[in-house]
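Visitor: Here it is, the structure, as structure tokens.
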Amino acid sequence: MMRWEGICEFVAVAEAQSFTTAAGRLGISTAQVSRQVRELEERLGSKLLYRTTRKVSLTEDGQLFYRHCRQVLDGLDEAERAVSSLKNEPRGLIRMTAPVTYGEQYVMPIVLEYMQQFPQVEVQCELTNQQLDLVQGGFDLAIRLGVLPDSSMMARKLAERVQYLVASPDYIGRHGAPHSLSELGRHQCLLGSLPFWRFQEEGKLRSLKVKGRLSCSSGNTLLAAALAGMGIAQLPGYYVDEAIRDGRLLVLLKPFQEPKEGIWGLYPHNRQLSPKIGHLMNMLADRLPKA
């Protein structure tokens, strides 16, 4: 326990820049605060504070030690809140974001069911295909599809999706079906927001640059163009499953189909996973369609 002695007192002094003010915040005497900080410095063998009659300030060692201590105390606060809230019913505001089509078709129906189950919860959801900054935007949760970039966000896999390369029977009848990745260069490719498609070739992932007359960030527009025979599209299963089942679209280059991609729930690493977010992610993981 000795390792913890003086930590709270030191942090309070560092933030208040005053032993007297720190003592008032902690509800103990100034002499006790001073003694605890002095003994902490002795254990560390380092001077943490500059003391004058008018001001208290951090030394270079004190600044480094304060940053680490602040993180530890914040972590303890989060741990206490997490444990104490386990039995609490979800309540309060959830600010979240999700991709437009996937959000409309799959995420929001589950969110509405969740809100009916927990009437003390409010939801503000921004459906957009832009990857918004969670911290800057004040979001509690983001639904992201596919490969995640490296970030400081915490992530939980909620479901998976499969990308299909598809074209209509009419297009195949007029232009033929590609049998290798190299043949895609001779076809009209219906592009999304990226100028390349992803495949798996000989066990390795490959990004292949493609081109075509139409480029659009709307998956529904690309689906409509593919159904109209305007070219080949690469789209997730939730866009094309029905059209594949009823024969309006044909799946191409199956041996090169990339592995399943994750559908993720992201939340800031420094934000407690409160009951309202934890319960919602559990429901999404249970209800979102599996690839």
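The values are calculated or read from the model by the stated rules, or taken from the named source; none is laboratory data. All values derive from a computational prediction rather than experimental measurement. As a convention, Cβ positions derive from the backbone with ideal geometry for all residues, glycine included, and neighbour counts pool all protein chains shown. Accessible surface is based on the protein model in full, side chains and every heavy atom, while ligands, DNA and RNA are left aside. Shrake-Rupley method; radii C 1.70, N 1.55, O 1.52, S 1.80 Å.
Visitor: Between segment 31-64 and segment 215-291, how far is it from one alpha carbon centroid to the other, in angstrom?
Guide: Comparing the Cα centres of segment 31-64 and segment 215-291, I get a distance of 56 Å.
Visitor: To continue, here is another question. Measuring from a point 7 Å past the Cα of residue 57 along Cα-to-C-beta, which residues in segment 1-30 have an amide N at less than 14 Å?
Guide: From segment 1-30, the list is 17-18.
Visitor: Among 12, 225, 233, whose mean-square fluctuation peaks in a Gaussian network model of the chain (Cα, cutoff 10 Å)?
Guide: Result: 12 has the largest fluctuation of those listed.
Visitor: Which of the lysines could a cross-linker bridge to residue 290, judged by Cα under 20 Å and excluding same-chain residues fewer than eight apart?
Guide: 157, 254, 260
Visitor: Right, here's the next one. In the Gaussian network model of the chain, springs joining C-alpha atoms below 10 Å, which of 240, 111, 11 carries the largest mean-square fluctuation?
Guide: The residue with the greatest mean-square fluctuation here is 11.
Visitor: Taking the alpha-carbon distance from residue 211 and a cut-off under 18 Å, which aspartates and glutamates remain once sequence neighbours fewer than 8 residues away in the same chain are dropped?
Guide: List returned: 183.
Visitor: For the chain, take the longest principal axis of its alpha carbons; what is the angle in degrees between that and the long axis of helix 275-287, to the nearest 10 within 0 to 90?
Guide: 20 degrees
Visitor: Would you mind checking which residues have amide H under 5 Å from residue 160's amide H? H placed 1.01 Å from N; only 5 or more apart, or other chain.
Guide: When sequence neighbours closer than 5 places are left aside, the close amide H contacts are 263, 291.
Visitor: For the chain, take the longest principal axis of its alpha carbons; what is the angle in degrees between that and the long axis of helix 30-44, to the nearest 10 within 0 to 90?
Guide: 70 degrees
Visitor: Taking DSSP loops as anything outside H, G, I, E and B, show the longest stretch in the chain free of GluC sites (Glu not before Pro) there with at most 15 other beta carbons within 10 Å.
Guide: With a cap of 15 other Cβ atoms within 10 Å, the longest stretch comes to 6-201.
Visitor: Relative contact order for the chain using alpha-carbon pairs under 8 Å, separation at least 6, rounded to a whole percent?
Guide: Once divided by the residue count of the chain, the mean separation gives 21 percent.
Visitor: Amide H to amide H, which residues 5 or more places from residue 49 or on other chains are under 5 Å from it, using H placed in the peptide plane?
Guide: Amide H neighbours of residue 49, under 5 Å, 5+ apart: 59.
Visitor: Heavy atoms only, 1.4 Å probe, whole protein assembly: order 25, 213, 198 by accessible area, highest first.
Guide: Output order, biggest surface exposure first: 213, 25, 198.
Visitor: Using the heavy atoms of the protein chains and a 1.4 angstrom probe, tell me the accessible area per residue for the chain in square angstrom.
Guide: The answer is 57 Å² per residue.
Visitor: So for the pair residue 282, residue 186, with labels modelled 7 Å out along Cα→Cβ, what separation do we get in nm?
Guide: Label at residue 282, label at residue 186, 5.6 nm between them.
Visitor: Related question: When the accessible area of the chain is split by element with a 1.4 Å probe, what percent falls to carbon and sulfur?
Guide: 50 percent
Visitor: Return one number: the angle in degrees, 0 to 90 and rounded to the nearest 10, between the long axis of the Cα atoms of helix 7-16 and the longest principal axis of the Cα atoms of the chain.
Guide: Compared with the principal axis, the helix lies near 90 degrees.
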